[in-house]
Amino acid sequence: MRELFASLTDGDGALPAGAALSGAFVTDEPHTRLGAMRRGAKGVIVGIAARPGRAHVIDAHELERRLLEMGFVEGAHVEILHEGPIGRDPIAVKLDDTRIALRRDDANAIIIAAGKGAQAE
């Protein structure tokens, strides 16, 4: 399953050691991270892959758990509704019928099938 997300790594072809990984919703669409998408972009969640050691106060597994509890589950449809004025952070996301605001750094843990009208940076 880790090979599925190899294209989303920092360029070495493998997920960072200890990365939390969830989901195996396979599509033929190109994948991107939710945090890399721009306002108006749409997509479908294909998994969660939090990167350990980032600017998070919590560890990668805890971030994954919190995102799943908020409803960021595979197969859910997302759309970027709004970007903050400074550094485009935070972002407002339409998650199926719910609106959620979250930091881009946290949104980078969410893997999206970008072929559904999504525009990455």
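Quick notes on this one:
- Of the residues making up region 69-109, those that are among the aromatic types (Phe, Trp, Tyr) and touching a His at 6+ places or on another chain (Cβ under 7 Å) number 0.
- Residue within region 111-118 that is surrounded by 21 or more Cβ atoms within 10 Å (Cβ to Cβ) and either modelled with pLDDT under 90 or more than 20 Å from residue 30 (Cβ to Cβ) (or both) present: yes
- Applying the set (1) in contact with a helix residue (DSSP H, G or I) (Cβ under 7 Å, 6 or more places away or on another chain); (2) in a loop (DSSP other than H, G, I, E, B); (3) modelled with pLDDT of 90 or more to residue 40 leaves exactly one unmet item: (1).
- Residues that are assigned to a loop (DSSP other than H, G, I, E, B), of a type outside the set (A, V, I, L, M) and touching a residue at least 12 places away in the same chain (Cβ under 8 Å) within region 60-86 comprise 71, 72, 74, 75, listed in sequence order.
- Scanning region 37-93 for residues that are under 14 Å from residue 108 (Cα atoms), small (Gly, Ala, Ser) and loosely packed, with under 14 Cβ neighbours inside 10 Å yields 53, 55.
- Candidates 8, 21, 4, 63 - the one that is modelled with pLDDT of 70 or more and of a type in the set (A, V, I, L, M): 63
- Residues (outside any loop (DSSP other than H, G, I, E, B) and closer than 14 Å to residue 46 by Cα) located in region 89-112: 95, 107, 110, 111, 112
The values are calculated or read from the model by the stated rules, or taken from the named source; none is laboratory data. Keep in mind it's a predicted model, so treat the numbers as computed, not measured. So basically every Cβ, Gly included, is an ideal-geometry build from the backbone, and we count neighbours across all protein chains shown.
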